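Report on one structure; see the data block that follows.
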Amino acid sequence: MSDSRAHTRLVLGIETSCDETAAAVVDEHGRVRGAAVATQHELHREYGGVVPEIASRAHLERVLPVIRKAVDLAGIGLDELDAIAVGHRPGLIGALLVGTSAAKGLAFGLERPFLGVDHVHAHLISGLLTEDQDAFPPAPPLPALGLVLSGGHTSLYEIDDLVRPTLLGRTIDDAIGEAYDKVAALLGLGHPGGPEVERIAAEGDPDAHDFPVANLGRDRLDFSYSGLKTAVRYAALGIPGRDPEPTAPLDPRRCADLAASFQKAAIAAVRRNLRRAIDARTEVRSLLVGGGVVANRSVRTMLETEAAKAGLELRMPTPAFSQDNGAMIALLGAMRLTRGERDDFSLAPAATTRST
């Protein structure tokens, strides 16, 4: 982030990659001037997951009011914005198209730079955001390790450049947040599943079940959660070797034990790969984390413990900025703007993240 205080540039960030319609005005120092979000949980709850068509229609209805609210909360006019940034990848194509179109329209109408940013890379810098308007948060010491734990991604990065991290490992099947949601559905809990699993796990015994932690080899930093998810299903059924859905509600105590044991194994997989990455990179000075699963208290405690053990400076977002948000999009856009970068209006949404 720039150290110049003579002129503080303001960037509007727009996020519509999945089921959150979000916008925020952030300055180049990472200070959030105004932020707004409209969730869609109530629209998708009965389906047990996000329905792409419903998500896109909801974004279309909400994106302009959310942008207006963020700008109003910032106490500025649209003409005071220095650039428009949008998360243009990865995500649901229809949902991304809504945000990207809104951003292009604003940038064109205001004659401001247009910047597309990678949603996953933006999560990595979400811990640099602050709502303290008098703060000038220092940039994290580099090189760093980066970790994104969300519903769609479980990724580990090496960071020599905050704008362009290098991928070290990622999930080969389910993301950690997706596993939480699927286990929640298996246990008859609500949507979104992550907070529900966390809630009942607090009442259970994490040692009640010895669930597997996938080991893909000591030289790999990839993740896998499909086996853990299946093991929870087998344990819930009590019938090894079969894979139907439970036909009756689970006893509350058993449900809590399953959730607690699942959570222990899910977090252990992250801890193991994080330790391997730290041990192999003695020059690393900080740890940047982000993603919706980082709002989980047990996950936060593990990250704090591991960073302290390794002597790393931890940059972790508040729970509010762990979820999909416009502020992280705006900040990554501001970083690109400071470098003189911009995109043209031919930039299209993409379903996948960049590999580097």
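The values are calculated or read from the model by the stated rules, or taken from the named source; none is laboratory data. Since this is a predicted model, take the numbers as computed values, not measurements. For neighbour counting, all protein chains shown are included, and Cβ atoms are generated from backbone atoms with ideal geometry for every residue, glycine included.
Below, the figures for the structure above:
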{"quantity": "Qualifying residue in segment 75-98 (condition: assigned to a helix (DSSP H, G or I) and in contact with a strand residue (DSSP E or B) (Cβ under 7 Å, 6 or more places away or on another chain))", "calculated": "yes"}
{"quantity": "Residue in segment 282-303 that is charged (D, E, K, R), at pLDDT 95 or above and either farther than 20 Å from ILE176 by Cα or in contact with an Asp or Glu (Cβ under 6 Å, 6 or more places away or on another chain) (or both) present", "calculated": "yes"}
{"quantity": "Filter pass, VAL98 being in contact with a Gly (Cβ under 6 Å, 6 or more places away or on another chain) and either surrounded by 16 or more Cβ atoms within 10 Å (Cβ to Cβ) or among the aliphatic types (A, V, I, L, M) (or both)", "calculated": "no"}
{"quantity": "Single match in ALA38, ALA85 (criterion: surrounded by fewer than 20 Cβ atoms within 10 Å (Cβ to Cβ), closer than 15 Å to ILE14 by Cβ, of a type in the set (A, V, I, L, M, F, W, C) and within 19 Å of the chain's Cα centre (by Cα))", "calculated": "ALA38"}
{"quantity": "Out of ARG336, ARG342, sole residue that is at pLDDT 95 or above, under 20 Å from ILE14 (Cβ atoms), surrounded by fewer than 19 Cβ atoms within 10 Å (Cβ to Cβ) and not hydroxyl-bearing (Ser, Thr, Tyr)", "calculated": "ARG342"}
{"quantity": "Verdict on THR318 being of a type outside the set (Gly, Ala, Ser) and either modelled with pLDDT under 95 or under 15 Å from the mean Cα position of the chain (by Cα) (or both)", "calculated": "yes"}
{"quantity": "Qualifying residue in segment 133-140 (condition: of a type outside the set (Gly, Ala, Ser), surrounded by fewer than 24 Cβ atoms within 10 Å (Cβ to Cβ), in contact with a Leu (Cβ under 8 Å, 6 or more places away or on another chain) and touching a residue at least 40 places away in the same chain (Cβ under 8 Å))", "calculated": "yes"}
{"quantity": "In segment 321-351, the residues that are under 24 Å from PRO113 (Cα atoms), of a type outside the set (A, V, I, L, M) and within 21 Å of the chain's Cα centre (by Cα)", "calculated": "ASP324, ASN325, GLY326, GLY333, ARG336, PRO349"}
{"quantity": "Residue list for segment 125-155, restricted to those being within 20 Å of ARG33 (Cβ to Cβ), touching a helix residue (DSSP H, G or I) at 6+ places or on another chain (Cβ under 9 Å) and of a type in the set (Val, Ile, Thr)", "calculated": "ILE125"}
{"quantity": "Residues satisfying the stated conditions in segment 129-147, i.e. of a type in the set (Gly, Ala, Ser) and outside any strand (DSSP E or B)", "calculated": "ALA135, ALA139"}
{"quantity": "All positions within segment 150-188 that are among the polar types (S, T, N, Q) and closer than 11 Å to SER226 by Cα", "calculated": "THR171"}
{"quantity": "Test: residue in segment 323-332 that is modelled with pLDDT of 95 or more and exposed (fewer than 15 other Cβ atoms within 10 Å of the Cβ)", "calculated": "no"}
{"quantity": "LEU78 surrounded by 17 or more Cβ atoms within 10 Å (Cβ to Cβ), at negative phi and among the hydrophobic types (A, V, I, L, M, F, W, C)", "calculated": "no"}
{"quantity": "Positions within segment 156-179 being in a strand (DSSP E or B) and touching a His at 6+ places or on another chain (Cβ under 9 Å), in sequence order", "calculated": "TYR157, ARG170, THR171"}
{"quantity": "Selected residue (only one of ARG57, ARG68 is over 26 Å from GLU111 (Cα atoms), surrounded by fewer than 21 Cβ atoms within 10 Å (Cβ to Cβ) and either free of Cβ contacts under 8 Å to residues at least 40 places away in the same chain or over 23 Å from the mean Cα position of the chain (by Cα) (or both))", "calculated": "ARG57"}
{"quantity": "Matching residues, segment 101-120, being in a helix (DSSP H, G or I) and surrounded by 22 or more Cβ atoms within 10 Å (Cβ to Cβ)", "calculated": "ALA102, ALA103, ALA107, HIS119, VAL120"}
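Here is a yes/no grid of residues against (1) at pLDDT below 95; (2) in contact with an Asp or Glu (Cβ under 7 Å, 6 or more places away or on another chain); (3) surrounded by 22 or more Cβ atoms within 10 Å (Cβ to Cβ); (4) within 29 Å of ALA260 (Cβ to Cβ):
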residue: THR154; (1), (2), (3), (4): no, no, yes, yes
residue: ASP160; (1), (2), (3), (4): no, no, no, no
residue: ALA175; (1), (2), (3), (4): no, no, yes, yes
residue: TYR180; (1), (2), (3), (4): no, no, yes, yes
residue: ALA185; (1), (2), (3), (4): yes, no, no, yes
residue: GLY190; (1), (2), (3), (4): yes, yes, no, yes
